[in-house]
Amino acid sequence: MPKVLLPIAILGLIIAAVPIGFSIQPKSFPLPVPITEAQETQALPDGLPAPVERFYHSYYGATVPIVKTVVITGRGRIRPFGVWMPARFVFAHEAGYGYRHYIEVTFFGIPVMKVNEGIVDGISFMEGSVGKLHNDLNTNQGANLALWAEAGWFPSLWITDTRVRWETVDGDTALLRVPYGEKTETFVVRFDPESGLIDTMEAMRYRESGADKPKILWITRDERGPIASGSLATGSATWLDQGKPWAYFHIEQISFNAEIRDYVRKRGL
């Protein structure tokens, strides 16, 4: 091969390898805690909005589990830079009070970008391959919304936590009021009229740090179409101005009420 063509051929191989590398799913993380199950339960309260009561009866029955901690592992895909990339993750929640996300983006199954983020005691943190943030006001608000939105994978929290309120809108919609410091934030929760399950949750959330940045409508969705093999559930997240999801998360393992205090407060990548 002529020398002048060799760099072009190498570049071509690199370009061709990119979509292949980003199409290979990584191995799942093992659960960092033993698999346990919630044991205590409580009865559904009276006076819930009609679509909310129907949802809980469909999801749990007449009683709901009392969840104190949750650890979730799974895989998915995200596109923070406009290109879909495979990822694996561990989400650990002190239910209603704090969480830690550990996410790895992979190429040919090898980690190329890592993110350790969350919120503990009302203070958010983000340590990633592209930078760090700590106690940023906009990120605090966004992390608090994520704390409550991800309870869609253990929705009994919205009943058992006395700081949460449901309010009626109509037969398929309700407002979910959740605490944020001394204030509250609001989700518009839309229920599927056929199944009674949650379809979408919507809230105004900051996407970027900085005092001049606006809130943008943030939408999470329970994806009940085809899901990854072995997945217990799949959720997506969308910014309204982008018009389509930027992330899909496939839940593969979940453990309730394990001891995770130290794990949630762990830092570093």
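The values are calculated or read from the model by the stated rules, or taken from the named source; none is laboratory data. None of the values given here were measured: they were computed from a predicted structure. No Cβ is skipped: glycine too gets one built from the backbone with ideal geometry, and neighbour counts run over all protein chains shown.
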Exercise for the section: List every residue pair whose Cβ atoms sit under 9 Å apart, with the two residues 6 or more apart in sequence or on different chains, where the first one lies in the stretch 249-269 and is on the phi > 0 side of the Ramachandran plot and the second, anywhere, is β-branched (Val, Ile, Thr) and surrounded by 19 or more Cβ atoms within 10 Å (Cβ to Cβ). Expected result: ASN257/VAL67; ASN257/THR69; ASN257/VAL70
Practice task
Scan the stretch 18-29 and give yes if some residue there is within 28 Å of THR238 (Cα to Cα), modelled with pLDDT of 90 or more and outside any loop (DSSP other than H, G, I, E, B), otherwise no.
Solution key: no
Exercise for the section: Identify the residue in the stretch 239-258 that is touching a Leu at 6+ places or on another chain (Cβ under 9 Å) and not in a loop (DSSP other than H, G, I, E, B) and, among all such residues, is modelled with the highest pLDDT. Expected result: TRP239
Handout entry: Residue check, TRP148 outside any strand (DSSP E or B) and either in contact with a Phe, Trp or Tyr (Cβ under 6 Å, 6 or more places away or on another chain) or in contact (Cβ under 8 Å) with a residue 24 or more places away in the chain (or both)
Key = yes
Exercise for the section: Please determine, by comparing only the residues of the stretch 69-87 that are in a strand (DSSP E or B) and of a type in the set (D, E, K, R), which one is farthest from SER156 (Cα to Cα). Expected result: ARG77
Fill in the blank from the handout: Screening THR184, THR234, THR168 for residues that are outside any loop (DSSP other than H, G, I, E, B) and buried (at least 17 other Cβ atoms within 10 Å of the Cβ) leaves only THR234
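For every residue, the table says whether it meets (1) among the small types (Gly, Ala, Ser); (2) crowded, with 17+ Cβ neighbours inside 10 Å; (3) in contact with a helix residue (DSSP H, G or I) (Cβ under 6 Å, 6 or more places away or on another chain).
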position: THR36; (1), (2), (3): no, no, no
position: GLN39; (1), (2), (3): no, no, no
position: PHE89; (1), (2), (3): no, yes, no
position: THR106; (1), (2), (3): no, yes, no
position: ILE110; (1), (2), (3): no, no, no
position: MET113; (1), (2), (3): no, yes, no
position: ILE119; (1), (2), (3): no, yes, yes
position: MET126; (1), (2), (3): no, yes, no
Completion exercise
Of the candidates THR63, THR69, the one satisfying the condition of being more than 30 Å from LYS244 (Cα to Cα) and out of contact with any helix residue (DSSP H, G or I) (no Cβ under 9 Å at 6 or more places or on another chain) is THR63
Practice task
Could you tell me whether PRO86 is touching a strand residue (DSSP E or B) at 6+ places or on another chain (Cβ under 7 Å) and at pLDDT below 95?
Solution key: no
Completion exercise
Result of the Cβ filter at 6 Å on the stretch 108-130, keeping first residues that are under 15 Å from ASN140 (Cα atoms) and partners that are part of a strand (DSSP E or B) and of a type in the set (A, V, I, L, M), at least 6 apart or interchain, is GLU117/MET126; MET126/LEU133
Fill in the blank from the handout: Inside the stretch 88-126, the number of residues satisfying the requirement of being in a strand (DSSP E or B) and either closer than 23 Å to LEU31 by Cβ or in contact with a Pro (Cβ under 7 Å, 6 or more places away or on another chain) (or both) is 27
Fill in the blank from the handout: Within the stretch 58-67, restricting to residues that are in contact (Cβ under 8 Å) with a residue 40 or more places away in the chain and not small (Gly, Ala, Ser), the one that is surrounded by the most Cβ atoms within 10 Å (Cβ to Cβ) is VAL64
Fill in the blank from the handout: The lone condition LEU48 fails out of (1) modelled with pLDDT under 95; (2) part of a loop (DSSP other than H, G, I, E, B) is (1)
Fill in the blank from the handout: Those residues of the stretch 68-82 which are more than 21 Å from SER129 (Cβ to Cβ) and either surrounded by fewer than 22 Cβ atoms within 10 Å (Cβ to Cβ) or touching a Gly at 6+ places or on another chain (Cβ under 8 Å) (or both) amount to LYS68
